[in-house]
Amino acid sequence: MGTVYAIANQKGGVGKTTTAVNVAACIAEAGYDTLLVDIDPQANATVGLGIAKDIVPNVYDVLSGDARAEDALQATNIDKLFVLPSSPDLAGANVELPRQPGSEGRLREALEPLRERFAFILLDCPPSLGPLTVNALVAAERVIVPVQTEYFALEGLAGLLDTLALIQRELNPRLSVAGMLLTMHDGRTRLARDVEREVREHFPELVFDTVIPRNVRIGEAPSYGRPVIHHDPHSSGADAYFELAKEVAARG
């Protein structure tokens, strides 16, 4: 059975999608069948892998019960990497899902038939703790939390961990934190170094050793519809994501 990871943080702009796309690509590159599920209505992970965001069926059709997850899969130009694409229509699920009893388990039920096919399933969450993120956290076994090394990094982390604990207690006892990932790190600035030290002191067991640097190539890659490891495999950003993928695999 494949392992399901949610990439989650209610703060926007911390590198969730970049991390989801690049870790998925690194794992596929290592020879494992990998699925990236885009459950953000912005559909950035979908577009970042060269898939159109108006394609049907998509994850909205799956959550609404109009399509099976296996019928919505899209192959990417990376061998062994598939996407369950998103669509702007998915924003409607934030309103529709809470009206339906047991809706927080929709994604878990939809992905169950795929867990034997894929060794790793990564869920790219929207920047909120709404119904879509809750669906992802109920479906997942592990959570990767990207944390930007800037002033408000610790702001909201306690709230996120409280939410994770609540979901673990009430809906998904299998859920645990795989690790916190420091992103957009500029080691030349004192602020970034101070934030890194503070996060590591607060959560010594949880923070990944790997740190994702600020890197132009990481920012460019989505406009070409591919991850940074294919856009510029020798960049510092690509090196960092390869190291992170190894660390994620080692932590299990």
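The values are calculated or read from the model by the stated rules, or taken from the named source; none is laboratory data. As the structure is a computational prediction, the values presented were derived from the model and not from experiment. In this analysis, Cβ positions are derived from the backbone assuming ideal geometry, glycine residues included, and neighbour counts consider all displayed protein chains. Just the protein is used for accessible areas: all its heavy atoms, side chains included, with ligands, DNA and RNA removed. Shrake-Rupley method; radii C 1.70, N 1.55, O 1.52, S 1.80 Å.
Here are the numbers:
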quantity	calculated
Dipole of the chain, positive end: most advanced residue of Phe118, Thr46, Val14 [Cβ charges, Cα centre]	Val14
Fraction of accessible area attributable to carbon and sulfur, the range 6-61 (%, probe 1.4 Å)	49
Cα-based convex hull volume of the chain per residue, rounded to whole Å³	110
Relative compactness, the range 129-252, computed as alpha-carbon Rg over 2.2 N^0.38 Å	1.13
Which of Val62, Ala75, Gln100, positive extreme of dipole for the range 56-111 (C-beta unit charges)	Gln100
Net charge, Gln148 excluded, C-beta distance under 12 Å - Lys, Arg +1, Asp, Glu -1	-1
The range 1-56 - percent relative contact order, Cα under 8 Å, separation 6 or more	25
Charge sum, other residues only, whose C-beta stays under 12 Å from Lys11's C-beta, Lys/Arg counted +1 and Asp/Glu -1	-1
Rel. contact order, % - alpha carbon contacts under 8 angstrom, at least six apart, the range 103-233	21
Local electrostatic count at Asp194 - Lys and Arg +1, Asp and Glu -1, tallied over other residues with Cβ under 14 Å	0
Separation of the Ser176 and Glu109 label points, Cα + 7 Å toward Cβ, nm	2.8
The chain - charge dipole about Cα centre, Lys and Arg +1 at Cβ, Asp and Glu -1, debye rounded to 20	300
Residue among Pro233, Gly2, Asn135 farthest towards the positive dipole end of the chain, charges placed on Cβ	Pro233
Average accessible surface area per residue within the chain, 1.4 Å rolling probe, Å²	44
Point-charge dipole on Cβ atoms (K/R +1, D/E -1) for the range 117-252, about Cα centre, debye to 20	300
Accessible carbon and sulfur surface of the range 90-167 relative to its total accessible area, %, 1.4 Å	54
Principal axis dimensions, largest first and in whole angstrom, of the range 102-185 by Cα	42, 26, 19
Point-to-point label distance, Asp71-Arg193, nm (Cα→Cβ direction, 7 Å offset)	5.8
Assigned charges on the beta-carbon of Lys, Arg, Asp, Glu; the range 89-146 dipole about Cα centre (debye)	80
FRET efficiency, Asn94 to Arg251 (Cβ-Cβ, R0 41 Å, nearest 0.05)	0.85
Residues in the range 23-37 that a label on Arg200 would reach, taking backbone N under 12 Å of a point 7 Å out along Cα→Cβ	none
Segment Thr163-Asp209, extension gain: residue separation times 0.36 nm, minus the distance between their alpha carbons	14.1 nm
Pair His234, Val216: separation of 7 Å Cα→Cβ label points (nm)	1.6
